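The block underneath contains the structure these notes are about, expressed in structure tokens.
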Amino acid sequence: MTDKKIILGMTLTDGYGNLHGAWRAPHVDPDNYANIDASIRHARAAERGKFAFLFTPDFPAVSGDVEHTTLRHTLDPLVSLTAIARETSHIGFVATGSTTFQEPFNQARQFKALDVISHGRAGWNAVTTADAAVAANYGRPVAEREERYRRAHESIQITQALWGSWEHDAWIKDQAGDRFIDPSKLRPIGLQGEHVASRGPLAIPPSEQGQPVIFTSGGPSPHLLSLAGRYASGFISEVWTIEEARAQRAMVRNAAREAGRDPDEIKYIVGFMTTVAPTVREGLDRRLALAGDIIQARLPHLGALLELQIDPRRYDEPLTPQQLAVAHASPMDPRSGNALKVAREGFSPRDILAHGVIDYHPTVVGPGKLHADHLQEWFEAGACDGFWVNPDVYEDGVDAFVDEVVPLLQERGIYPTEYPGTTLRENLGVPAQYGIDPRIMRGDTR
Ligand SMILES: Cc1cc2nc3c(=O)[nH]c(=O)nc-3n(C[C@H](O)[C@H](O)[C@H](O)COP(=O)(O)O)c2cc1C
């Protein structure tokens with residue numbers, strides 16, 4: 001028996017939700033994209049549920065079908081989260097910031113400012129952005145992976161060194177003695193990399209947690225594992241099965257071990273989409289009402305997952321016994337096993353798709369108990385340390401999760417009933433760090 005508890009984070013994107021069409025829901029104010037009060041409401045709901053952090057992905061570019069789909073990011077993660085920090089007290093903020101396009105000095109300054117303003121609740125999801133539309137906004141081509149990762153190592157090391165350049169006890173604040181700072185403890189870092197550099201120091205004191213917590217996200221390439229293993233305290237992943245998650249988590253933990261760290265210092269967080277409803281039927285109907293068109297367009301993909309021809313005219317009829325007898329989970333897609341399982345429960349293709357079997361993450365639709373069972377199964381199988389939750393519609397989906405799922409997890413003893421502390425570091429259960437980790441060799445960017 002362990003007293004380890006599930007860590008929950010919540011994605012905060014556009015003020016609407018993570019289900020296609022959330023912005024069109026009748027109970028959602030279409031102005032929410034630019035209304036920080038809406039995001040504050042959603043953040044407070046998550047805080048009521050003892051979520052450890054909000055997670056803001058960031059692809060700062062306009063792309064896709066904007067006539068019908070929303071822009072899936074906050075106006076600006078750090079500015080938005082700073083406003084939210086003033087209206088919350090415990091929830092942390094894991095903001096995505098690109099090592100490909102940002103200068104480490106700006107990154108160090110802005111994230112540490114958020115950390116100080118929020119009293120130690122900031123985290124930095126350091127990503128090696130490779131998105132062409134984002135690159136165009138910065139007026140640069142997308143560099144090769146090797147170069148993006150070398151730049152990422154340099155950026156993180158410089159950022160951490162800048163964070164530590166105002167030493168813990170540098171600030172004397174002796175009014176009578178006329179000594180503001182001990183200059184020997186606010187010193188330049190003088191780091192010159194191949195891609196980025198900074199002299200420093202950074203004129204920001206430590207926060208209650210010292211400095212922001214580093215996260216990273218992406219697929220388990222050797223490049224990313226090397227980055228995560230050395231610097232990250234959180235790893236945000238996208239996986240569909242327990243087996244896949246266990247294998248990837250083992251790789252991430254091993255990367256930390258190889259970097260000379262304790263693998264428990266890095267928390268592996270998997271994605272999860274939710275539609276909480278009194279019954280499965282009501283949940284499916286809610287999803288179909290908002291995203292029916294997108295769901296229908298995925299029918300050919302469902303056929304590929306099940307290795308079946310599905311007649312569009314039989315969209316609303318359960319698969320026949322003959323079809324089920326020959327249906328197979330395609331080895332080409334990790335989502336196919338779940339699609340087959342749902343098909344065998346007797347649902348029509350429309351309803352199989354409404355279960356979210358082709359969504360970005362495993363999806364649970366229905367009563368709180370189904371959600372709690374999913375989380376418990378993954379957690380107890382060693383597939384993750386926690387989840388980044390993607391509610392379908394923020395306006396009522398966060399409260400529904402907090403009221404219907406969180407109490408079950410607490411009753412089962414696998415989720416905190418109170419925040420362990422007031423800083424993000426405490427609430428994640430990761431160790432203190434200030435400045436660059438002395439176990440990580442400075443200047444080594446392989
Ligand atoms: C779950 C998840 C979340 C991600 N979030 C972001 C993001 O918010 N912004 C971004 O630029 N890249 C994001 N990425 C992309 C990766 O960090 C990385 O840039 C991309 O996978 C290309 O890197 P690669 O060269 O290692 O493949 C995310 C990836 C995953 C799997």
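Data table
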read-out: Candidate lysines - alpha carbon under 25 Å from residue 341, same-chain residues fewer than 8 apart omitted; value: 369
read-out: Per-pair calculated FRET efficiency, R0 = 25 Å: residue 412 and residue 341 via Cβ, rounded to 0.05; value: 0.60
read-out: The chain: projected area of the alpha-carbon convex hull, averaged over directions, in nm²; value: 23.0 nm²
read-out: Surface per residue (accessible, 1.4 Å probe) for the chain, Å²; value: 43 Å²
read-out: Förster-model FRET efficiency, 41 Å R0, residue 31 and residue 377, C-beta, rounded to 0.05; value: 0.60
read-out: Packing rank of 183-194, 34-45, 66-77, where each peptide gets the mean count of other beta carbons within 10 Å, highest leading; value: 34-45, 66-77, 183-194
read-out: Stretchable slack from residue 69 to residue 301, in nm (0.36 nm times residue separation minus alpha-carbon distance); value: 81.5 nm
read-out: Distance between the stretch 21-76 and the stretch 299-373 - C-alpha centres, whole angstrom; value: 28 Å
read-out: Value of relative contact order over the chain, rounded to a whole percent, pairs C-alpha under 8 Å and six or more apart; value: 22 percent
read-out: Karplus-derived HN-Hα couplings along the stretch 352-357 (A = 6.51, B = -1.76, C = 1.60, θ = phi - 60°), whole Hz, x at Gly and Pro; value: 4, 5, 5, 5, x, 5
read-out: Most to least packed among 23-32, 354-363 [average Cβ atoms within 10 Å]; value: 354-363, 23-32
read-out: Over 25 Å between alpha carbons, listed pairs 112/267; 50/173; 112/185; value: 50/173
read-out: Contour excess over end-to-end distance, with Cα ends at residue 315 and residue 175 and 0.36 nm allotted per residue; value: 42.8 nm
read-out: Convex hull volume per residue in cubic angstrom - Cα atoms of the stretch 299-354; value: 66 Å³
read-out: With eigenvalues of the C-alpha gyration tensor scaled by 5 and rooted, the stretch 1-75, Å; value: 27, 14, 11
read-out: Evaluated over the stretch 193-300, the Cα radius of gyration and Dmax, each in Å; value: 20.2, 60
read-out: From phi via Karplus (6.51, -1.76, 1.60), per-residue ³J(HN,Hα) for the stretch 39-44 in Hz, x at Gly/Pro; value: 5, 5, 4, 5, 5, 5
read-out: Fully extended contour minus Cα-Cα distance, from residue 199 to residue 79, at 0.36 nm per residue; value: 40.6 nm
read-out: Spin-label pair residue 44/residue 289, simplified geometry with 7 Å Cα→Cβ offset, distance in nm; value: 2.6 nm
read-out: Whole-number D in µm² s⁻¹ for the stretch 8-121, Kirkwood Cα-pair radius fed into Stokes-Einstein, 20 °C, 1.002 mPa s; value: 145 µm²/s
read-out: All Cα pairs of the stretch 113-176, percent lying beyond 20 Å; value: 50 percent
read-out: J(HN,Hα) series, the stretch 253-266, from Karplus relation 6.51 cos²θ - 1.76 cosθ + 1.60, nearest Hz, glycine and proline x; value: 5, 5, 4, 5, 4, 5, 7, x, 10, 7, x, 5, 6, 10
read-out: Among 174, 285, 392, residue whose mean-square fluctuation peaks in a GNM of the chain (springs only between Cα atoms under 10 Å); value: 174
read-out: Long-range amide H partners of residue 273 with built H, under 5 Å; value: 363, 364, 390
read-out: Dipole of the chain [Lys/Arg +1, Asp/Glu -1 at C-beta], most positive-end residue of 408, 172, 7; value: 172
read-out: Within the accessible area of the stretch 299-354 (1.4 Å probe), percent carbon and sulfur; value: 57 percent
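The values are calculated or read from the model by the stated rules, or taken from the named source; none is laboratory data. The model shown is predicted, which means the values in this text are computed figures rather than measured ones. Glycine also receives a Cβ, built like all others from the backbone with ideal geometry; neighbour counts cover every protein chain displayed. Side chains are part of the model used for accessible areas, which takes the heavy atoms of the whole protein and leaves out ligands, DNA and RNA. Shrake-Rupley method; radii C 1.70, N 1.55, O 1.52, S 1.80 Å.
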